[in-house]
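The values are calculated or read from the model by the stated rules, or taken from the named source; none is laboratory data. Remember, it's a predicted structure, so these values are computed and weren't measured experimentally. Virtual Cβ from ideal backbone geometry, glycine too; neighbours counted across all protein chains shown. Ligands, DNA and RNA are excluded from the accessible area calculation, which covers all protein heavy atoms including side chains. Shrake-Rupley method; radii C 1.70, N 1.55, O 1.52, S 1.80 Å.
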Amino acid sequence: MEKYYVNFQNDSDRTWTMAVYQKLPGSVGLDTVAWKKTAVPQSGFSGVTWDLKYNVAIADYRQLAPLGVYTASQVLETSLGTEWDIIFEQGVQQLNYVGRLEGELGDHIVINNKSGLTANPGVGMSGRGAAFKRDVLSNAGAQFKVTPVYYAALFRDVELGEVISSNIEVGPLKLTFNAGANVANIRAIRHGDAIELESSYART
């Protein structure tokens, strides 16, 4: 299973939290959330890593000023081209595997809400949800076209599952793992009154 790495070298004069998030350009109406993160002090180094193991998720959503946060109540491993139902059983919403999708939906994951309550289904990777559809009504569903584009950005503070919006301080930087690269090296440097991000790519 291919692993991906984002290394962060903080050559600026303050502590930053770097978060990696995904956008699914083939899907509309999704909340993108902080998916991987690490806090790095000045002159420090850290990083995040993931593998291409896909997940389905149900999350609780809470509104914290100014942004919302998704806290997953269930995360299950899956593969692309699968269909799931959200059901209500033993007092909680649960994910239930339905089967394989037919035809041209091989890069999709479909989650139907059959729980009788509104639900927040999501998809992700490497054990965490990365994109969620908020307040899906019962007897409705969500189609996720899982062709992720990865971004990194710097934050003063961000928690996993927090919606990505105006909370970005520096960036975002689109991660382009081209030509077989699976390592992104990101460096934050100060130029006058600005923090800039530099990037380079490698293969392990």
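Checking the condition more than 16 Å from the chain's Cα centre (by Cα) and either part of a strand (DSSP E or B) or of a type in the set (Lys, Arg) (or both), which residue from Val123, Val110 passes? After applying the criteria, what remains is Val110.
A count restricted to region 44-93 and to residues that are small (Gly, Ala, Ser) and touching a Leu at 6+ places or on another chain (Cβ under 7 Å) stands at 1. Given the options Gly29, Gly116, Gly103, name the one that is under 15 Å from Arg134 (Cα atoms) and not in a strand (DSSP E or B). Of Gly29, Gly116, Gly103, the one residue that is under 15 Å from Arg134 (Cα atoms) and not in a strand (DSSP E or B) is Gly29.
Does Ala119 satisfy being open to solvent by less than 40 Å² (accessible area, probe 1.4 Å), over 21 Å from Tyr54 (Cα atoms) and touching a strand residue (DSSP E or B) at 6+ places or on another chain (Cβ under 6 Å)?
Criteria not met by Ala119.
Taking Asp107 as the residue in question, decide whether it is touching a Lys or Arg at 6+ places or on another chain (Cβ under 8 Å), at pLDDT below 95 and either open to solvent by 70 Å² or more (accessible area, probe 1.4 Å) or closer than 30 Å to Gly192 by Cβ (or both). It is false that Asp107 is touching a Lys or Arg at 6+ places or on another chain (Cβ under 8 Å), at pLDDT below 95 and either open to solvent by 70 Å² or more (accessible area, probe 1.4 Å) or closer than 30 Å to Gly192 by Cβ (or both).
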